[in-house]
1. Shape call for the stretch 89-154 from the C-alpha gyration tensor, a ≥ b ≥ c root eigenvalues: rounded (a/c under 1.5), prolate (a/b greater than b/c) or oblate?
2. Sorted by average packing, counted as other Cβ atoms within 10 angstrom per residue and highest first, what order do 78-87, 133-142 take?
3. For the stretch 160-236, what class follows from the C-alpha gyration tensor (a ≥ b ≥ c being the square roots of its eigenvalues): rounded when a/c is under 1.5, otherwise prolate if a/b is larger than b/c, else oblate?
4. Through the Karplus equation 6.51 cos²θ - 1.76 cosθ + 1.60, θ set to phi - 60°, convert the phi angles of the stretch 90-100 into ³J(HN,Hα) values in whole Hz; use x for Gly and Pro.
5. Could you tell me how far the Cα centroid of the stretch 56-75 sits from the Cα centroid of the stretch 80-120, in Å?
6. Quick one: grab the alpha carbon gyration tensor of the stretch 182-281, order the square roots of its eigenvalues as a ≥ b ≥ c, and give me rounded if a/c is under 1.5, else prolate or oblate depending on whether a/b is larger than b/c.
7. Taking the Cα centre of the stretch 182-281 as origin, sum charge times position over the Cβ atoms of Lys and Arg (+1) and Asp and Glu (-1), and report the length of that vector in debye to the nearest 20.
8. Step through the residues of the stretch 271-278 one at a time and calculate ³J(HN,Hα) from phi using the Karplus curve (6.51 cos²θ - 1.76 cosθ + 1.60, θ = phi - 60°), rounding each to whole Hz and writing x for Gly and Pro.
Amino acid sequence: MIPGRLLAAVFLAGLLLAAGMQNRYDSNIDYFADRGTFVSLPSGKALKVLSFGYSNLAADLLFIWSIQFYSTPYLTNRFDFLERVYDTITDITPQYKEPYIIGSLIMVYEARDIPMALRLLDKGSRLNPDEWFFDHDAGYYCYKFLKDFAKAEFYYNRAAAKPDAPAFIKRLNAHMVYLGDDPKMAYQMWLEIFNNARDTLEKDGAFNHLYQIKAENDLALLKERIGIFRRQFRRWPATLNELLSLRLLAALPADFAGNEYLYNPEQGTITAARVFKWKQR
């Protein structure tokens, strides 16, 4: 029976030889440009068998090679088999977390293929159900690059439900709900965060969001009623109390800090003391 160390040495030597041959193959730019990127790449299942029990080593070597390969900009068609490579690595060792993260980074920032990155991160989340950062990264890519706030909210919500998810995931989720134009739900989510804040920074952040959401709702109502007054009397109200006397308002709303909104009777404009421009996209 062949000793395990000898098998490992043979396997390692074979991989190094293959890496050398691939490097030589890749270095000829003209030839590479006219032919496919890989002669062949065995499946993850096949590599598990060929590794003779050293599947972690096989995944490590393929992962290290992939980082070197995909950081070689002169290989213009190097992304042709990108998904296949990282699917193979993660098929060999599904709990190997780094390939999901690094692979998705390459897919997003180098290949510019967000759906491909989301497929890889979905796989990581499915095969590592207690890990939150796969869904966190997927949510960020949906928000940053796709501007798909509903999809970002879905991923952040899934991340927040994981056992060891940090508190900031709930804040990201609440912000996606706000950006997705559901102020009522966002207000309730931020109010819960505000009431259960564990430090000043978290409480201040929640306060700012609650302030902005309340101001947006209140100012929309006030502008509408000021407009009604203008159309009836052909002038701006001298003070907001005139809206009360005419029963255009039951009560004057205040901002989340309890202060009155700023009214300009000469122009009929109403503003909040603080403005957060989170919806500028």
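Here, each number is a calculation from the coordinates, and none is a lab measurement. A quick note: this is a predicted structure, and the numbers were derived from the prediction, not measured. Counting neighbours? That spans all protein chains shown, and the Cβs are built from the backbone with ideal geometry, glycine included.
1. Details: a/c = 2.51, a/b = 1.37, b/c = 1.83.
Judged from the Cα gyration tensor, the stretch 89-154 comes out oblate (a/c at least 1.5, b/c at or above a/b).
2. Details: 78-87: 18.9, 133-142: 23.1.
The packing order, highest mean first, is 133-142, 78-87.
3. Working: a/c = 4.98, a/b = 2.83, b/c = 1.76.
Verdict is prolate for the stretch 160-236.
4. 6, 6, 5, 9, x, 8, 7, 6, 4, x, 5
5. That distance is 12 Å.
6. prolate
7. Values: 15 positive and 12 negative charges, 107 e Å.
The dipole of the stretch 182-281 has a size of about 520 debye.
8. Working through the residues one at a time gives 9, 9, 5, 10, 10, 10, 9, 6 Hz.
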